[in-house]
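Here the structure is laid out as structure tokens; the discussion comes afterwards.
The values are calculated or read from the model by the stated rules, or taken from the named source; none is laboratory data. Computed from a predicted model, the values in this text were never measured in an experiment. Cβ placement follows ideal geometry from the backbone for every residue including glycine, while neighbour counts extend to all protein chains displayed. Surface areas here come from the heavy atoms of the whole protein model, side chains and all, with no ligands, DNA or RNA. Shrake-Rupley method; radii C 1.70, N 1.55, O 1.52, S 1.80 Å.
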Amino acid sequence: MENRKTQIIDLALKLIREKGYVAISYDDLSKRLGVTKGSIHYHFEKKEDLGVAVTDLVLQNLQDFLSFITNSKLTFEEKIKHFLERQIVLSDGGICPVSSLQSDYESLPEKVRQKVREISQLEITIIKNILKVTLVERGAEEIESLAFAIVSCIKGTIQYGRVLGKEILQQTMNEIYPLLKG
């Protein structure tokens with residue numbers, strides 16, 4: 001039973017990356033999984049419940065990533081690279097799931113919106129924590145602004161990479177690293 005629930009969440013996350021939260025339906029899920037819509041409703045009574053489960057998964061993954069970054073001895077560049085690779089893996093050729101949820105933000109149920117706000121802030125916190133180590137002399141406000149710029153750049157680059165080719169990701173990161181070293 002738990003396996004089916006996990007399959008539903010994983011597929012919902014994949015569909016969110018492909019076409020956004022608003023555009024997916026229980027019909028999409030049931031057809032792809034080869035089950036009835038009733039089976040989907042058994043695990044997630046409302047689409048909002050499924051949205052919360054998906055955002056909980058994304059949030060947990062981010063919290064795990066923050067713990068990994070905080071406790072690792074990786075260099076600044078390696079930490080940023082891990083964040084970029086994580087974003088690319090999560091997007092899996094589609095839209096970053098967080099970016100996708102953010103683009104649907106105004107149409108999301110309030111519980112899902114709250115989760116998306118929490119996830120968005122956590123992404124910024126991760127980058128701020130990475131930057132603090134390297135940019136100790138800069139103030140907290142400047143580091144936060146830089147974190148917003150980096151996250152936006154990485155997510156924008158992922159979007160452009162979908163259209164113009166993945167090599168644009170490395171080109172962009174090659175430009176970002178020197179800017180962040182001091």
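Would you work out which of T172, Y160, Y42 lies farthest towards the positive end of the dipole of the chain? Charges go on Cβ: Lys and Arg +1, Asp and Glu -1. Projecting each Cα onto the dipole axis, the largest value belongs to Y42. Among the listed pairs K31/K111; K46/K155; K14/K81; K47/K115; K81/K128, those with a Cα-Cα distance over 20 Å are K31/K111; K46/K155; K14/K81.
Mind checking which of F65, G20, Q114 is farthest towards the positive end of the chain's charge dipole, using Cβ charges of +1 (Lys, Arg) and -1 (Asp, Glu) about the Cα centre? Among F65, G20, Q114, the one farthest towards the positive end of the dipole of the chain is G20.
Computed from Cα positions, the angle between helix 2-19 and the longest principal axis of the chain comes to roughly 60 degrees.
Counting only Cβ charges, +1 for Lys and Arg and -1 for Asp and Glu, the dipole size of the chain around its Cα centre is about 320 debye. Considering only I127, V54, L11, the residue lying farthest towards the positive end of the dipole of the chain is L11, judged by Cα position with unit charges set on Cβ. Compared with the dominant Cα axis of the chain, that is its longest principal axis, helix 47-71 is turned about 30°.
Averaged per residue, what accessible surface does the range 1-111 expose to a 1.4 Å probe, in Å²?
Details: 5620 Å² over 111 residues.
With all protein chains present, the range 1-111 gives 51 Å² per residue.
Which net charge results when you count Lys and Arg as +1 and Asp and Glu as -1 among the other residues whose beta-carbon is under 13 Å from that of Q60?
On the way: positive: K115; negative: D56, D64, E118.
Result for the local shell: -2.
Ellipticity at 222 nm from helices only: DSSP H runs of n ≥ 4 in the chain, each -39500 (n - 2.57), divided by the residue count, give -26500 deg cm²/dmol.
Once Cα Rg over 2.2 N^0.38 Å is calculated for the structure shown, the corresponding label among (1) 1.15; (2) 1.11; (3) 1.02 turns out to be (2).
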